[in-house]
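**Student:** Can you read through this structure? Questions will come right after.
Any read-out appearing in this document is the output of simple, stated calculations on the displayed coordinates, not a laboratory observation. Owing to the predicted nature of the structure, the values given are computational and were not obtained by experimental measurement. Counting neighbours? That spans all protein chains shown, and the Cβs are built from the backbone with ideal geometry, glycine included.
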Amino acid sequence: MREKVTIIGAGNVGATTAHWLMARNTCDVVLVDVVEGIPQGKALDLYEATPVAGASVKVVGEQDYAATAGSSVVVVTAGFARKPGMSRDDLLNMNNDVVTQVVKKAVAVSPDAIFIVVTNPVDVMTYVTWKASGLPAERVMGMAGVLDSARFRTFLAMELGVSPKDVVAFVMGGHGDQMVPLTRYSSVGGIPVESLISKERLDAIVKRTRTGGGEIVNLLKSGSAYFAPGASSAEMVEAVLGDQKRLLPVIAHLNGEYGEKDVYVGVPALIGRGGVEKIFEIEFTKEEAEAFRNSVQAVREPLSVLGF
Ligand code: APR
């Protein structure tokens, strides 16, 4: 029997995640959205692409969570983007309500699922999902590091004129301006990037990685990135479904690791059928440790706004 993956929020990121999963013949997909017609229309459109893609999976769109029952993975992309006049806290409260509501409905019919959270602010929304779901912490994770690292890898590849495939790069901490790109742990074909690229250029690449989301928003003028976020979410889904034991940077629950407790933040982890099966603790330099601490602090602040 094919596995079922539910994607809540059939907007740009949700639909693009579904696209990757369909095109790679990974699993059946159920798209859910509050707006009537949107999940049905996008799902049908994707389903109609399966003969061309050579895929044998089913894609359906629904308002009703009954259709999502028995999902192996649930991806949460539902939410709002910040609009003019809205404060960060307004957005935080609105997405807290949306995520809490959708997660409760989804977990009720898919109690064995692994949850992958994409809605921003994603470190906070992953924590919200954990609380709302009542699931063990390792069954809930957030998507940020795979995307941030993909951006970092792309920029490093552009700098050197090499294939991004050969670039291994590593990003930790909170998503967004607070992320901690670790050049020390980044390499091209096994050669440390620090020996290939000047400090000045590396600093510029790190800066561009930190503001990678904003760069796309500025270009698009309306809306935010979705191709790379969709690809990154799909990669995480596949790591879980295939029990691939991937070592990926994901937003995971810390319970003493890195000296932090009761917070979800980006760390390198082993991803398999059990979700976050292990968190890897790496050694930091003094500066990296400080950057990570600041990053965790920046995630704790909105959590306290929500009363956690
Ligand atoms: N239940 C289901 N879907 C909902 C709900 C809800 N309660 N509330 C909102 N949605 C849906 C919207 O109708 C919309 O289709 O969530 C979808 C969000 O899609 P977009 O607005 O296109 O946003 P997108 O670009 O996909 O980003 C989704 O991922 O990367 C993050 O910052 C991004 O938080 C945002 C999320």
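**Student:** Under 15 Å from a point placed 7 Å out from the Cα of S222 along the Cα-to-Cβ direction: which residues of the stretch 7-25 have their backbone N that close?
**Tutor:** Output list for this probe position: 12.
**Student:** What do you get for the angle between helix 38-47 and the principal long axis of the chain? Use alpha-carbon atoms, 0 to 90 degrees, nearest ten.
**Tutor:** Once rounded, the angle reads 80 degrees.
**Student:** So which residue, out of L21, L220, L135, gets the largest mean-square fluctuation from a GNM of the chain using Cα contacts under 10 Å as springs?
**Tutor:** L220
**Student:** Right, something else. Rank G223, G85, G14 by mean-square fluctuation in a GNM of the chain with C-alpha springs under 10 angstrom and give only the top-ranked residue.
**Tutor:** The residue that fluctuates most here is G85.
**Student:** A further question follows. Could you bin all the Cα-Cα distances of the stretch 145-305 into 5 Å bins starting at 0 and give me the percent of pairs in each, rounded to whole numbers?
**Tutor:** 2, 9, 16, 21, 21, 18, 10, 3, 0
**Student:** How large is the charge dipole for the chain, taken about the Cα centre, if only the Cβ atoms of Lys, Arg (+1) and Asp, Glu (-1) carry charge, to the nearest 20 debye? If you can, show how the numbers build up before the last one.
**Tutor:** Values: 30 positive and 35 negative charges, 46 e Å.
That gives the chain a dipole magnitude of about 220 debye.
**Student:** Using label points projected 7 Å from each Cα along Cα→Cβ, tell me how many nm separate K165 and M1, to one decimal.
**Tutor:** Simple spin-label model gives 3.7 nm for this pair.
**Student:** How tilted is helix 122-133 with respect to the longest principal axis of the chain? Cα atoms for both, answer in degrees (0 to 90, nearest 10).
**Tutor:** 40
**Student:** May I ask for the angle, rounded to the nearest 10°, between helix 88-109 and the longest principal axis of the chain, with both axes built from Cα atoms and the value confined to 0 to 90°?
**Tutor:** 50
**Student:** Given a cut-off of 18 Å, name the pairs among K104/K278; K83/K104; K165/K278; K245/K278; K131/K261; K105/K245 whose C-alpha atoms lie farther apart than that in the structure shown.
**Tutor:** Values: K104/K278 26 Å; K83/K104 26 Å; K165/K278 25 Å; K245/K278 10 Å; K131/K261 15 Å; K105/K245 29 Å.
Beyond 18 Å between Cα atoms: K104/K278; K83/K104; K165/K278; K105/K245.
**Student:** Could you give the semi-axes, largest first, of the ellipsoid that matches the chain, computed as the square roots of 5 times the alpha carbon gyration tensor eigenvalues and rounded to whole Å?
**Tutor:** Values: eigenvalues 176, 100, 72 Å².
Semi-axes, largest first: 30, 22, 19 Å.
**Student:** While we're here: How would you rank 29-36, 90-97, 263-270, highest first, on the average number of other Cβ atoms within 10 Å across their residues? Could the numbers behind the result be given before it?
**Tutor:** Working: 29-36: 21.6, 90-97: 17.4, 263-270: 24.9.
Answer by packing, highest mean first, reads 263-270, 29-36, 90-97.
**Student:** Right, another one. Please name whichever of V29, V140, Y47 sits farthest to the positive end of the charge dipole of the stretch 4-144, dipole taken about the Cα centre and charges placed at Cβ: Lys and Arg +1, Asp and Glu -1.
**Tutor:** V140
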